[in-house]
Ligand code: PMV
């Protein structure tokens, strides 16, 4: 029996697609990274009566939560059912620093943190397979047909080399450099952008196929640059990928502006990340000072938030 002082915590982090978005839909590889700079914490504590949710979107009873939280409601119901316990008597607080719909895996990360918190709360163990199973239930409601990439990355600690039809391959990242992420403040448009690339493929088959397969080769080259710890080469590859994504018509003026600003301010390369048409850009810098300078200039040029993330050679940032 839970007492009123019991509290359980679950955490998770965001994700960044380094390279390979859109082409990954056509079985080309993609590389995605865990992004601990943007994270989420879910706290559960025992209360009397109906369960309550506190989040930046909604404060109120679980029963009256809006449809946008249906994925989380479903997780709570499913897990409580699996543990044969009541869904009432919990105060669930969601503290997320991951902006939603920016291609940073916000929904999968919140689901991961919630699933972990519920398992701690009910003092149950949670295997990776079971965690992925529950995240998938949530992501199907939030996104329809998730590739599973967000689930893997937001719940795992290692970068992933991902090909849709294969088991994801994790690898160690030890690159001497920094990644800057900057949010345009605009929601990404995953569904529309993916549909438009499919239309483009019908209309201009040869050119579009070439762009997609070239993005695949750039992803393979990026993996090699990572293995050689060659941040300059990696930067050049990312900038080329942005040009291809722009040719696929998934960039927009704000993303292009932030990419141009980053390059002008000394970034080794920059691109949009995720579906495009909004969301975030990423850029690379050799030193943390350069990264902070670029982040500051991005804020002056329209970004609403920036993050600086070490690519592994210096774990302190
Ligand atoms: O912006 P996000 O995180 O939803 O990423 C979309 C990535 C795409 O390659 C455009 C679509 C997909 O399903 O992989």
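Quick look at the values:
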read-out: Neighbours by Cβ (under 6 Å, 6+ apart or cross-chain): first from the range 182-196, farther than 20 Å from residue 37 by Cβ; second part of a strand (DSSP E or B) and more than 11 Å from the ligand (Cβ to nearest atom); value: none
read-out: Those helices (runs of 4 or more DSSP H) lying entirely in the range 65-156 with at least 3 residues within 16 Å of the ligand (Cβ to nearest atom); value: 106-121, 128-143, 149-155
read-out: Verdict on residue 186 being within 14 Å of the ligand (Cβ to nearest atom), within 30 Å of residue 113 (Cα to Cα) and part of a loop (DSSP other than H, G, I, E, B); value: yes
read-out: Hey, residue 104 more than 29 Å from residue 63 (Cβ to Cβ) and crowded, with 16+ Cβ neighbours inside 10 Å or not; value: yes
read-out: Test: residue 89 is at pLDDT 95 or above, at positive phi and surrounded by 13 or more Cβ atoms within 10 Å (Cβ to Cβ); value: yes
read-out: Single match in 66, 29, 36 (criterion: surrounded by fewer than 16 Cβ atoms within 10 Å (Cβ to Cβ) and closer than 22 Å to residue 271 by Cβ); value: 36
read-out: Residue match in the range 107-120 (condition: surrounded by fewer than 16 Cβ atoms within 10 Å (Cβ to Cβ) and within 22 Å of the chain's Cα centre (by Cα)); value: no
read-out: Residues located in the range 157-166, provided they are more than 12 Å from the ligand (Cβ to nearest atom) and crowded, with 17+ Cβ neighbours inside 10 Å; value: 159, 160, 161
read-out: Qualifying helices (runs of 4 or more DSSP H) (wholly inside the range 201-317; at least 2 residues being within 16 Å of the ligand (Cβ to nearest atom) and at negative phi); value: 205-227, 231-247, 253-264
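The values are calculated or read from the model by the stated rules, or taken from the named source; none is laboratory data. None of the values given here were measured: they were computed from a predicted structure. As a convention, Cβ positions derive from the backbone with ideal geometry for all residues, glycine included, and neighbour counts pool all protein chains shown.
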